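Written out below as structure tokens is the structure these notes cover.
Every number here is computed from the coordinates shown, using simple stated rules; none is lab data. Just so we're clear, the structure is a prediction, and the values are computed from it rather than from any experiment. Neighbour counts run over all protein chains shown; Cβ positions are idealised from the backbone, glycine included.
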């Protein structure tokens, strides 16, 4: 059976900034066994609802990684329904002093181990995680070790694999000819974006080149490049127990890694969203499309059932095929195809696999 449908979303609404500028939120720090971690809280806890917890990529902090997405107008409906916790990796928060020479920066596994301290401090029992790059890996590792406290994961640009010998050698050779800021830029953006030198690329390069805490960023970068393999296996013991939405931009630096990650996950629990015209940072370049997809994601988890999807229009085609589960029950695996003007998927039931 084949069903033809299509989804198109156009970017029409501007970013919505509160009067007087962005909401500064409430900043907190907590001591953990691996050092101090800083996080910012927006909103108040909602009864019987998880917190949305974000974790940023290398070369960024929670402002530069997530402000565009969370200040987008359509995102405000979500923000009103959930308390949001933005975590800054140690030394990445604004105004952070440089770590002393010889400081041993936490591994990504240790960064994941800091999250329970944050939740205990806030008295939160569960989260929906949104991570980008290194932050996506941190949240994935946390979910694998603390599955009962994670209700859903949105992983943008995740690379679940450790660096192989060839990757390690290439990284070392690149380090001989490129500066740390330039190496991080190739991690954050596609070659096309770098060659076009878009405004976003220029802003990120400027921020990295003049960052007072660049030595701290280099330590976070080192931890990311020393990450362990997550050892995910479809049908195996090591896998996510919650709904997962994987997101990557078309032709982005991590496209192949995210596609491989998708192949290792349970298709009845995983949505895969490949976004056209979004480059390496879809949460910054296509906040409207990502917001729409995230609304469907939380609806599939049973939240915000009455949320309106007024920006959704049908115009393109997609194939809908049935797949059988191991016990013989039928489930759906849905793949949506998006051109450069199209946007978010249909509501991601736990069995949806999406490519936009």
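Note: region 26-306, Cα convex hull, 129 Å³ per residue. On a per residue basis, the convex hull of the C-alpha atoms belonging to region 187-268 measures out at 128 Å³.
Calculated FRET efficiency, residue 210 and residue 117, Cβ-Cβ r, R0 25 Å, to nearest 0.05? About 0.20, to the nearest 0.05. Work out, in µm²/s and without decimals, the Stokes-Einstein translational diffusion coefficient of region 212-259 at 25 °C, 0.890 mPa s, Rh from Kirkwood over C-alpha pairs. Estimated diffusion coefficient is 178 µm²/s. Legend: ranking of residues 40, 54 from fewest to most surrounding C-beta atoms inside 10 Å; resulting order 40, 54.
If you model region 135-293 as an ellipsoid using its alpha carbon gyration tensor, with each semi-axis the square root of five times an eigenvalue, the axes come out at 27, 20, 14 Å, biggest first. Highest mean packing first, where packing is the average number of other Cβ atoms within 10 Å per residue, the peptides 127-134, 237-244, 206-213, 43-50 line up as 127-134, 237-244, 206-213, 43-50.
Between residue 148 and residue 94, what's the calculated FRET efficiency when r is the beta-carbon distance and R0 is 45 Å? Round to 0.05.
After rounding, the FRET efficiency stands at 0.85.
Under Stokes-Einstein, with the Kirkwood radius over Cα pairs as Rh, the value for region 24-129 at 37 °C and 0.692 mPa s is 226 µm²/s. For residue 27 and residue 202, the FRET efficiency from 1/(1 + (r/R0)^6), where r spans their Cβ atoms and R0 equals 41 Å, is about 0.90. Exposure proxy shown here: for 70, 82, 124, the number of other Cβ atoms within 10 Å sets the order, fewest to most, as 124, 82, 70. The stretch between residue 241 and residue 182 holds 17.6 nm of extra length on full extension. This uses 0.36 nm per residue minus the Cα-Cα distance.
Sorted ascending by nearby beta carbons within 10 Å, beginning with the fewest, 86, 63 become 63, 86.
The value obtained for region 236-286, namely the Cα convex hull volume divided by the number of residues, is 77 Å³ per residue.
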